[in-house]
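As structure tokens, the structure follows; a few thoughts come after it.
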Amino acid sequence: MTLLLALLACQGAPPAATSVVQVAPLPGVDPAPTALKLYTVTWKTDPRPLPLSTLFEIEATLTDAKGAPVEDAKVRIDARMPQHGHGMATRPEDDEGVCDAAGACTHPGGVYRTRGMKFHMPGEWSLRFDVDGPAGTDHLLVPVQL
Ligand SMILES: [Cu+2]
């Protein structure tokens, strides 16, 4: 029943493609510690401010507890609407970084990019960064109101 309600909740008329809703307050400006404080994530969207119903990408800079860039981690970025029980309609693509012939990849400067994200509904979104790096796995959840 919960699932049914969630589906029904998402069948409202889609917002006009031209509408751009300002996030308030605009998240991602300040460095945010991950849940276990193993890393710090500073991120921004392109375009900015974050658009509704428009593809966007995120550039995240990952640093360790001492503030040094972490170049050899894996960062996955995803988003859900927790009150509706669904995620994005698009499949985000995390950039592999710079890879050598053996397939080992690094992210110079600790910069990670994810493309193909879209918030297709207004409401409360939860942006999630999953980090798997040299200090261990950790994550960051950021509430985003559109
Ligand atoms: Cu929804």
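Here, each number is a calculation from the coordinates, and none is a lab measurement. Treat the numbers as computed from the prediction; the structure is a model and nothing was measured. As a convention, Cβ positions derive from the backbone with ideal geometry for all residues, glycine included, and neighbour counts pool all protein chains shown.
As a footprinting exposure proxy, order Lys74, Lys37 by other Cβ within 10 Å, with the fewest listed first.
In increasing order of surrounding Cβ atoms, one gets Lys37, Lys74.
Classify the range 74-118 as rounded, prolate or oblate from the Cα gyration tensor: take a ≥ b ≥ c as the square roots of its eigenvalues, call it rounded if a/c is under 1.5, otherwise prolate when a/b beats b/c and oblate if not.
On the way: a/c = 3.43, a/b = 2.80, b/c = 1.22.
It comes out prolate by the Cα gyration axes.
Please give, to one decimal in nm, the separation of the simple spin-label points placed at Arg128 and His86, each 7 Å out from Cα toward the Cβ.
1.7
Any idea what the relative contact order of the range 21-145 is, in percent, if you count C-alpha pairs under 8 Å spaced at least 6 apart?
Taking the mean separation of contacting Cα pairs over the length of the range 21-145, I get 29 percent.
What is the magnitude of the charge dipole of the range 21-145 about its Cα centre, with +1 placed on the Cβ of each Lys and Arg, -1 on the Cβ of each Asp and Glu, and no other charges, expressed in debye to the nearest 20?
Numbers: 12 positive and 17 negative charges, 84 e Å.
Charge dipole, the range 21-145, about its Cα centre: 400 debye, nearest 20.
Under a point spin-label approximation (7 Å from Cα along Cα-to-Cβ), what is the Lys44-Glu59 distance to one decimal in nm?
Using points 7 Å along Cα→Cβ, the separation is 0.7 nm.
From the square roots a ≥ b ≥ c of the eigenvalues of the alpha-carbon gyration tensor of the range 21-145, which class results: rounded (a/c under 1.5), prolate (a/b over b/c), or oblate?
Here the range 21-145 falls in the prolate category.
To the nearest 0.05, what FRET efficiency results for Val142 and Val98 with a Förster distance of 25 Å applied to their C-beta separation? Working shown, then result.
Working: r = 26 Å, r/R0 = 1.06.
It comes out at approximately 0.40.
How far apart, in nm, are the 7 Å Cα→Cβ label points at Cys105 and His120?
With each label placed 7 Å out from Cα toward Cβ, I get 2.5 nm.
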